[in-house]
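Trainee: One structure coming up, written as structure tokens, with questions to follow.
The values are calculated or read from the model by the stated rules, or taken from the named source; none is laboratory data. Note that the structure is a prediction, hence the values are computed from the model and not measured. All Cβ positions, even for glycine, are placed from backbone atoms using ideal geometry, and neighbour counts span all protein chains on display.
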Amino acid sequence: MLMSCMRWCCGVVLCVYAALSMASDMPFRIGVAPHTSARLILQQYQPLRASLEKGLGRPVEIATASDFTDFARRGLRGEFDMVITTGHQALLLRDDARYIPLLTYRAPFQAVVVGLPSLPQGNVASHVQGKTVLGLSPSSLVTLWGIHWLEQNKIRPQRMQFISAADSMAQLVIQQDAVVGFMSQANYEKLGADIRAQLRVVARSPEMAGRIYLLHSRQHSRLPQMQRLLAQFAQSPEGLQYFQENKLDGYRAIKPGELEVMRPYAEEVRRTLTTSSAH
């Protein structure tokens, strides 16, 4: 009887050890909103991935999605351990999927309307009316702001076409396949100088809550560790180079109420998700 009990206890200990070992080998998944191509996202976030992998002592992988709507859907399903996304989706994930906001970047986040230099500054509306305009996806913050900009200027485009990356959008505008496109100021600045020389910023949004880091609540026990690791990354040579190359100016705390002002945009994402799931 005693030997049977000891064997049972040893079996339980081995099962627990195996489960813990498997958990430590499971990749820590960071979901990054698809603000540009998957290739560029993997390249851009490689320094962060490597730093966190070393600090966590487990594999870390960067994941994204085909578009912002799919990214929101996957985030709500809890597919990511940490998320980096714009403020409206950050609010949605906080409220509906129990993600914990951590921090954001110091650099201001703005959406811009880009067109050809020949587009008249004082009479943009008449030149955009009835033409094709470009957005990143129905759920992206820059596209939602762009739709509001169209409405405020009483512009009815012929159609809105959704493009997966800002560099592709820029090329379509230059080729005159569309009259304007909506992208972030950061993505505009990352375009090559030769591309920017063929474009002009027609309008610019107020500052908005940009890319927010959030931790899924199932990782709550890691919250102090993650805050410490991000702070260490920010002070490391790799982190400083990352901020400089991407013009992000470092990390900062999220201001009180900064996410709440994104609620109208978050509600629009909810409606988009509801509509798409109904079909």
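Per-residue answers, yes or no, for (1) closer than 18 Å to Ala166 by Cβ; (2) not small (Gly, Ala, Ser):
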site: Thr36; (1), (2): yes, yes
site: Leu42; (1), (2): yes, yes
site: Arg58; (1), (2): no, yes
site: Ile62; (1), (2): no, yes
site: Ser66; (1), (2): yes, no
site: Leu76; (1), (2): no, yes
site: Asp96; (1), (2): no, yes
site: Ala111; (1), (2): yes, no
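Trainee: Something else: Give the residues of region 48-86 that are crowded, with 19+ Cβ neighbours inside 10 Å and over 25 Å from Arg270 (Cα atoms), sorted by residue number.
Mentor: Leu48, Ser51, Leu52, Val60
Trainee: With the requirement that a residue be farther than 30 Å from Ser66 by Cβ, in contact with a strand residue (DSSP E or B) (Cβ under 7 Å, 6 or more places away or on another chain) and assigned to a helix (DSSP H, G or I), what does region 113-143 give you?
Mentor: Val124
Trainee: Would you check which residues across region 236-279 are crowded, with 17+ Cβ neighbours inside 10 Å and of a type in the set (Ser, Thr, Tyr) and list them?
Mentor: Of everything in region 236-279, those that are crowded, with 17+ Cβ neighbours inside 10 Å and of a type in the set (Ser, Thr, Tyr) turn out to be Tyr242, Tyr251, Tyr265, Thr272.
Trainee: While we're here: What residue, of Gly181, Gly210, is buried (at least 17 other Cβ atoms within 10 Å of the Cβ), touching a residue at least 60 places away in the same chain (Cβ under 8 Å) and in a loop (DSSP other than H, G, I, E, B)?
Mentor: When all the criteria are applied, what remains is Gly210.
Trainee: Which residues, counting only those in region 254-263, are in contact (Cβ under 8 Å) with a residue 40 or more places away in the chain and over 17 Å from the mean Cα position of the chain (by Cα)?
Mentor: Answer for region 254-263, where residues must be in contact (Cβ under 8 Å) with a residue 40 or more places away in the chain and over 17 Å from the mean Cα position of the chain (by Cα): Glu260, Val261.
Trainee: Hey, among Ala193, Ala178, which residue is on the phi < 0 side of the Ramachandran plot and in contact with a helix residue (DSSP H, G or I) (Cβ under 6 Å, 6 or more places away or on another chain)?
Mentor: Every option except Ala178 fails the conditions.
Trainee: Can you tell me which residue in region 146-169 is farthest from Gly115 (Cα to Cα), limited to those that are surrounded by fewer than 16 Cβ atoms within 10 Å (Cβ to Cβ) and small (Gly, Ala, Ser)?
Mentor: Applying the filter and picking the extreme gives Ser164.
Trainee: For region 9-38, which positions are at pLDDT 50 or above and loosely packed, with under 10 Cβ neighbours inside 10 Å?
Mentor: Asp25
Trainee: What are the pairs, 6+ residues apart or on separate chains, where a residue within region 137-160 that is outside the structural domain of Ala65 (by TED's automatic domain parsing) has its Cβ under 7 Å from a residue that is among the basic types (Lys, Arg)?
Mentor: Note: pairs meeting the criteria are Pro157/Lys131; Gln158/Lys131.
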